[in-house]
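Participant: Pasting a structure here, questions to come.
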């Protein structure tokens, strides 16, 4: 997971992420194709090894599509080549760096293989997916998940130091059709202040449930909201650029305080130090 295949910037998505003279009407990575393929790839049908919610479960433990209530994932996602498929796609899954569940014995989450991803998108009705683009989509999908987890670790740092317990990911929910309040605000600002903000909405949203050690041998569940934005290709490298807006949800005073502390550490204090002539 260490090879860089895209550029990730910290959100929310504003014009300051890129040069002002860019022609924003040509953001091909915010195209309908990218939106559709990523929404498909983040869906419960396609993420065979990622903790996704989104299906109503039966009392017997699985719904009609075979969703496991323990991880809200399809029990079986085929790695078989589809009829009419022309390109041989890899069937080997990739291990993430994201710890799974609340027990170290559970290991880490797995990412679906390119063949599984392709099968899932076809099953979801994305019949126009280019076979030769699937491996790249899977790579970017995994890269973005790793980037999001890296941001979460940064947010969790002070709690991790206090509890001496590394956070873990219990599950996440992909809800691309439900824009977060923050995304709505910035998208609206983009309409009225186009020189400062972007009116381009995120192409996906995730809510991740992170397990935070409480320092007493237990865990606290913390919900994070992640908005995924696509920007123009990076001018220096030519790589696709994505902006991830990662933050704890405003579910409780602790999360609100975390947001204040994070803002002060990464924005407020540097501005204050600069104003005071400090390095």
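Participant: What ranking of 264, 208 emerges when the number of other C-beta atoms within 10 Å of each C-beta is taken as an exposure proxy, fewest first? Present the calculation step by step, with values, prior to reporting the outcome.
Facilitator: On the way: 264 13, 208 23.
With the sparsest Cβ surroundings first, the list reads 264, 208.
Participant: For the range 162-229 and the range 101-132, write down the distance between their C-alpha centroids in whole Å.
Facilitator: 21
Participant: In µm²/s, what is D for the range 134-279 at 4 °C and 1.567 mPa s, where D = kT/(6 pi eta Rh) by Stokes-Einstein and Rh is the Kirkwood radius from Cα pairs? Provide the component values of the computation, followed by the final result.
Facilitator: On the way: Rh = 17.2 Å.
Diffusion coefficient, whole number: 75 µm²/s.
Participant: While we're on this one: At a 10 Å Cβ-Cβ cut-off, how would you order 80, 131, fewest neighbours first?
Facilitator: On the way: 80 10, 131 14.
In increasing order of surrounding Cβ atoms, one gets 80, 131.
The numbers here are math on the coordinates, done by the rules we state, and not lab data. Note that the coordinates shown come from a computational prediction; the quantities given were computed from them, not determined experimentally. In this analysis, Cβ positions are derived from the backbone assuming ideal geometry, glycine residues included, and neighbour counts consider all displayed protein chains.
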